[in-house]
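Beneath this line is the structure, given in structure tokens, with notes to follow.
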Amino acid sequence: MKKLWIVLGVVLLVLLMAYGWVKGTYNGFVAAQEDVGRAWADVESTYQRRSDLIPNLVETVKGYATHEKDVFLGVTEARSRVGQVKISADNLSPEAIQRFQEAQQGLSGALSRLLVVAERYPDLKANQNFLDLQAQLEGTENRINVARSRFNETARAYNTKVRSFPGNLLAGAFGFSPKPYFEAEKGAEKAPKVKF
């Protein structure tokens, strides 16, 4: 009878240890996945900040450069395309992030064209409202870079947890899969040529 209690005690101890390991591992996956979701929300928030600054910048430039309608239309259309690309942190995939990046790159290009137009108008370049908006936009671009880097760091930590043994055995069973990273734009590895 004593052996039976010892065997039951050992079995119960093993079951409790297994339960503790499964629970801890699963909760670790959930916490890491939530961190990825928060980091993604930060990325979207900083891109939204940029998008919110653009109408004010366009209106300021319009006051000085009334005949640059194609540029204004391009910025407005690019901003609209960015607004149409919605990605949930639950459904992050390389394709979804690629669509998001392409829309953002289109907006960046349109914004660059707007700033080139602004260079043609000395009075505009001296306008305090324009200078303030331009400084906010530069700061926002820095924030975007920081948010993207933090997202990649968080995704890396999550991916490491999901892919490491023995947690990877539970990750697959519970539906946790690796998250994609932001990658450099195509052609970013080549330095731009500067000619004077």
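The values are calculated or read from the model by the stated rules, or taken from the named source; none is laboratory data. Note that the structure is a prediction, hence the values are computed from the model and not measured. Heads up, the Cβs are rebuilt from the backbone with ideal geometry, glycines too, and the neighbour counts pull from every protein chain shown.
Values as computed for the structure displayed
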item: Any hit, the stretch 69-85, residues being surrounded by 17 or more Cβ atoms within 10 Å (Cβ to Cβ) and of a type in the set (Ser, Thr, Tyr); result: no
item: Condition met for Ser93 (exposed (fewer than 13 other Cβ atoms within 10 Å of the Cβ), in contact (Cβ under 8 Å) with a residue 60 or more places away in the chain and of a type in the set (Gly, Ala, Ser)); result: yes
item: Test for Ile87: is it in a loop (DSSP other than H, G, I, E, B) and within 19 Å of the chain's Cα centre (by Cα); result: yes
item: In the stretch 46-68, residue surrounded by the most Cβ atoms within 10 Å (Cβ to Cβ) [restricted to those that are over 16 Å from Glu141 (Cα atoms) and among the hydrophobic types (A, V, I, L, M, F, W, C)]; result: Val61
item: Residue in the stretch 102-113 that is charged (D, E, K, R), more than 18 Å from the chain's Cα centre (by Cα), at negative phi and outside any helix (DSSP H, G or I) present; result: no
item: Residues of the stretch 153-169 classified as of a type outside the set (Gly, Ala, Ser) and crowded, with 17+ Cβ neighbours inside 10 Å, total; result: 5
item: Hits in the stretch 124-182 - residues which are in contact with a Pro (Cβ under 8 Å, 6 or more places away or on another chain) and assigned to a helix (DSSP H, G or I); result: Ala155, Tyr158, Asn159, Val162, Arg163
item: Residue ID - nearest to Glu68 (Cα to Cα), chosen from residues in the stretch 89-115 that are in contact with a helix residue (DSSP H, G or I) (Cβ under 9 Å, 6 or more places away or on another chain) and at pLDDT below 85; result: Ala89
item: Criterion (touching a Lys or Arg at 6+ places or on another chain (Cβ under 8 Å) and more than 30 Å from Gly37 (Cα to Cα)) met by exactly one of Ala126, Ala118; result: Ala118
